[in-house]
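Comments concern the structure below.
The values are calculated or read from the model by the stated rules, or taken from the named source; none is laboratory data. Just so we're clear, the structure is a prediction, and the values are computed from it rather than from any experiment. Neighbour counts run over all protein chains shown; Cβ positions are idealised from the backbone, glycine included. In case anyone asks, the SASA skips ligands and DNA or RNA and just uses the protein heavy atoms, side chains included. Shrake-Rupley method; radii C 1.70, N 1.55, O 1.52, S 1.80 Å.
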Amino acid sequence: MNPHLPHATHIAVRDGHILGVGTVDDIDGWQNAWGPLELNADFADKTLLPGFIEGHSHMMEGMFWDYHYVGYYDREGPDGTVWPGLKSIDEVVAKLKEIQAARKDIDTPLIAWGFDPIYFTDRRMNAADLDSVATDCSVIVLHASLHILNANNFVMEAADVKGADNSEFIRRDESGQATGEFLGQLGYYMAMRTTGINLLAIASSPETLVNFANVARQTGVTTATDLVNPMPAGSEQAMREAVDADDFPMRLVVAFQGNSMEPAEGVARMQELQTSNSDKLRFSLVKMVADGSIQGFSARLKWPHYYNGAPNGLWYIEPERLGDYLKAFTEAGIQVHVHTNGDECTEVALDKIEEALRAHPWPDHRHTLQHCQMATRSDFKRMKSLGVGVNLFSNHLYYWGDAHINITMGPERAARLDDAGGALAEGVPLAIHSDAPVTALAPLFTAWCAVNRLSSGGVTLGNGTQNISVEEALYAITMGAAYSLKMENEIGSLEAGKRADIAILADDPIDVGAEGLKDISVIGTMVGGHVHLNQGRAR
Amino acid sequence: MNRLPQIPLTIISGFLGSGKTSLLNHLLTQSGLENAPSEKSGRRITAMVNDFGALNIDAELIAAKHGNQIALANGCVCCSIGDDLMRSFMDVMQQSPLPDHIVIEASGVAEPRRIAGFASVDPQLRLDGIVTLVDASAHNVHSKDPYLADNYAKQIEAAHLLLISKPDLADTATLENLESELAAQKPDVPMAHVTHGVLPIDLVLGLNGDHKIPQPQEIIEHGFVQWAGHLTDIPRAALIAKLENLRPHVLRAKGVLRDAEGAYVLHLAGGLITTAPYAGKASGHFVIIGQPQMPDAAALEKIFRQNEAA
C-alpha cells in the first residue's frame, strides 16, 4: 500500500516498528546503525500484507465464544480449537446432541450461534429439531444475522407463544403453529426473558476482549474497532490492562457512544478517555447512530421508500439532537462516525455535518458515514465537498443482496447498494466493513464482496461500475480503514517507521484474483513485532 | 407458567421540546412526596429515559447516583441510552424488588407502539397506556416537518391519552384547530392541557390502555371520568341540551351520530359544543370525558338513552 514500493522481498522489524522494507541489500545497511539483524525465513514462501484493519466491528463478537459455534464454515475458536463447518440442519442437530451429551450442567440453557439458514434452502430449522437435542432445558440457536433465533418447545412453552398472536416476532406455519423461530428484537427479548440469559450484557470483560481479538487475529486483522461503547466511568482501566498486555494480539480503537450523555459531558468524557490512549488502545472517535437497518425496515428511506410498501423506518435520534452532538464534538475537535443506512438518513447526517462545519470550521475533521448503504453519486459528491469519508457495509451485498433486490429496495436501487466504485470515482475516502458480529469478521471476505458484488443467491448486484478492483479492495481494508481512523501515519502500509503490523497469507491475493480472494488462508499476524500464528486453518 | 403480578408500563411520547421531561419530573416528584395528595403516593417507579440531562429531580429524593442509574427514595431512573431498549428492559426486569410501575420517556423520534411491543411479549408487563404530548406552539411546524411528519403522526396515532402542552403559548384559534384536528384523528382518546408537566399523576399512571374500545365507564382517576356508549338515532338539539345540563362537569365529548337530518359529528371542546354534517356512515359511537362530579355510568346511560329514537 506504499506507492513508492508496492512489492518487496524483505522487511526488517525493530522495537515494534518497521525498520526497512525492500531487497535484502536495501535492508542490509541498517545493521550499521542497529546491529545485526537475524534473517527469519519462516514465511519466505508466504505473502506479507499490511495487517488488516476492521473499521466497523463490535467487541460483542468476542462474547459468542462462551456459546457453541454451529456455522456453515470452519471457524477457529479463540483457544485454537477448530470448529468444523456444518453443512446441513441434520449436522447442526447432531453437533448439538454431541454437545448436550458432554455437558455437565444439562439443566442450564444450551446456546449455539452462527447458524446461517442462507445455505439450507430445502427447509427451515424447527422446534422439533431442537427437541431432539433436549426437552427439559432451553435450547437456543442464534442465527448469524442476529435477527432470528430458533428455540425448542421448552422455550416456546416458557415464553407462552401459544397465547401470543403477534406474527411480527413468532414465525408460524400455514396451520398457525409456531415453528420455533423468534424474530427481531422482541423475539430475542422474549427468549432472553424466558431463559434468564442476557445475550446483550455489555461486552467489556477482559475475556470477551481477548476472545474478540483472537477471532479478529485469525482473519489477518491487526487493528479492529469496537464501534460503539458507552464506556461507563472507570471502565477504561480494565480495558487498558487487557489490551496493553504483550500477548494481546491486536490494536483496538473504541468509539465512544455519543448519545450516552449530554453533548458537553460527552466532550469532557472523550477528553478524559483520551488520556488513557496507548500504543494499542485508542479512544479517538465518537459514534452516533441515526437510523436502523434496511433489512429490518428501520432505516429511513427517501420517497418512494420501501419496495414492498413497508412504512418508513425509524430515527434513532432526533435530527436536531444529532446536530447538537455534531456541533459539540466538531467544536472540540473530536471525530464523529455517524451510522446511516437509508438515503434519507444519509442526507440528514450530511445536513447536520454541514451545519456543524459552518459553525466550527475544521479542515481535516474526517467525519465518516458508517454503512451509508444507499448513498447515490450525488451523496458521494456532497461527501467529497464536505470532506466526509465513508465506510461501506460490503458484506451486505452477499448476506442481504437478494432481499434488497426483491423486498427492501427493489432492483434499481439495490444495484447501487454499498457502491464502493461510486465512492472512489467521486473521490470519497473509502473503507469497507463487516459490522461483526452482524456478519462474519474477515476482511478478505469483505474485500471479496466489494470486488464481486455477488449475493448468496448468486445474483450480481449492479452493472460493474460499482465493483472495485482487488487492489482497491486491499487498499480499503488497510490504508482506507487506517485513514478513516486517522491512523494512516502509523498503520495501513508496510514502510519504514510505521508499526510492524503484518498479515501473513498463504497466497498472494493479486495472483489469486477476484474469485478466490475470500478463500486465501491466513497463516498469522504480527502486531508491533509480536508474531501470532493461527493454530488451525481459519477461513 | 406461573402468572406473576404484572407491572404497568406507561410510555411518554412526544417531540423534542414537547414537555416529556417536565411531565416525568412531576410524576417522580409527586409520587415521591409522602404527603402527596394522591392516594397512590409512594409507589415505586422505575423511569427509563434517554438522558439525564434535563431531569430535575428533587435532591431529597435522590438516594444515590452511579453510572447510568439514579436511585430514588421511591424507585430509580435509568438511562436507556438511545436505541438500546432491550438491554434496559432486561436490566429493569431483573431489579429486586420489581418496581410498581415503569415509565419510559421515549425519545422524540421513537415510535411508541414499538416500545409497547415489549409489554406484549413479556408476561410480567402490562401496557398501561401511551401518553403523547403535543406542543401546541409547534404543532404546525412538527406536523409538516419533511423528515419527521410521519413520526409525529404515529405518536399521535398511538396515544391513549393526548396532552396538549404549552397551551399558553398558542393563540385561541391555533389551539382550537389543534384540538379539533386531534379529536378528528383520535376521537376515542381523552385530551387534556398540561403546563410545565403539572397534572394529577393518576391521570397518567392510572390510565388504562389495555382496551381498544372504551369501556362503558372508565374511571381514569383524579379528576377524569370517561363514559362511552353506542347511541342510535338521537336528535342533535336534544343531545346538546343534555350536554349543557352536564356542564361544567363534562370536559369534552364527541359523537358520530345520526338524526332525521342525517349523519352528524358532535364535538364538545374548548367549552364549545359544535355539530357538523358527517359525510360517512354514523357509527353511533359517543364518548364523554369529565370530572368525578359527573353522573355515574348508570345515570349517564339513562340520560343519553332517554331521547333515542326507538
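Quantify how much of the Cα-Cα distance distribution of the stretch A:403-465 extends past 15 Å, in percent.
Numbers: 1093 of 1953 pairs.
Here the long-distance tail beyond 15 Å is 56 percent of all Cα pairs in the stretch A:403-465.
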### Task
Select from the stretch A:61-130 those trypsin sites (Lys or Arg not before Pro) which occupy a DSSP coil region and have at most 14 other Cβ atoms within 10 Å, ordered by residue number.
A:87, A:103, A:104, A:123
### Quarter of the Cα convex hull surface for chain A, i.e. its orientation-mean projected area (nm²)
25.1 nm²
### Message
Taking loop as defined by DSSP and a crowding limit of 14 other beta carbons within 10 Å, which chymotrypsin sites (Phe, Trp or Tyr not before Pro) in the stretch A:213-310 fit?
### Response
none
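Assuming a ≥ b ≥ c are the square roots of the Cα gyration tensor eigenvalues, decide whether the stretch A:206-527 counts as rounded (a/c under 1.5), prolate (otherwise, with a/b larger than b/c) or oblate. Please list the in-between numbers first.
Working: a/c = 1.63, a/b = 1.05, b/c = 1.55.
Here the stretch A:206-527 falls in the oblate category.
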### Task
Divide, for the stretch A:314-408, the radius of gyration over alpha carbons by 2.2 N^0.38 Å, where N is the residue count.
1.12
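Given R₀ = 30 Å, what would the calculated FRET efficiency be for residue A:308 paired with residue A:506, taking r from the Cβ atoms and rounding to 0.05?
Numbers: r = 43 Å, r/R0 = 1.44.
After rounding to 0.05, the efficiency reads 0.10.
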#### Entry: Three semi-axes of the equivalent ellipsoid, the stretch A:63-195, Cα gyration tensor, whole Å, largest first
23, 16, 14
### Message
Show me the trypsin sites (Lys or Arg not before Pro) within the stretch A:259-333 that DSSP assigns to loop and that have at most 16 other Cβ atoms within 10 Å of their Cβ.
### Response
A:302
#### Entry: Cβ-based charge dipole, the stretch A:206-527, positive-most Cα from A:380, A:482, A:494
A:380
#### Entry: Distance between modelled label sites at residue A:519 and residue B:198, nm, 7 Å Cα→Cβ extension
7.5 nm
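What part of the accessible area of the protein assembly as shown, given as a whole %, is carbon or sulfur when the probe is 1.4 angstrom? Each step should come with its number before you reach the end.
Numbers: 17150 of 33310 Å².
Carbon and sulfur together cover 51 percent of it.
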### Query
Computed FRET efficiency, Cβ-Cβ of residue B:296 and residue A:157, R0 41 Å: what is it to the nearest 0.05?
0.40
### Query
What are the principal axis extents of the Cα atoms in the stretch A:1-81, in Å, biggest first?
52, 27, 24
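Assuming R0 = 25 Å, what is the FRET efficiency of residue B:96 and residue A:105, from their Cβ-Cβ distance, to the nearest 0.05?
Details: r = 24 Å, r/R0 = 0.95.
Between residue B:96 and residue A:105 the formula returns 0.60.
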### Message
Run lengths n ≥ 4 of DSSP H only: what is the helix-derived mean residue ellipticity at 222 nm for the protein assembly as shown, with -39500 (n - 2.57) per run over all residues, to the nearest 500?
### Response
-8000 deg cm²/dmol
### Message
Suppose a student asked you for the relative contact order of chain A, using Cα pairs under 8 Å spaced at least 6 residues apart; what percent would you report?
### Response
19 percent
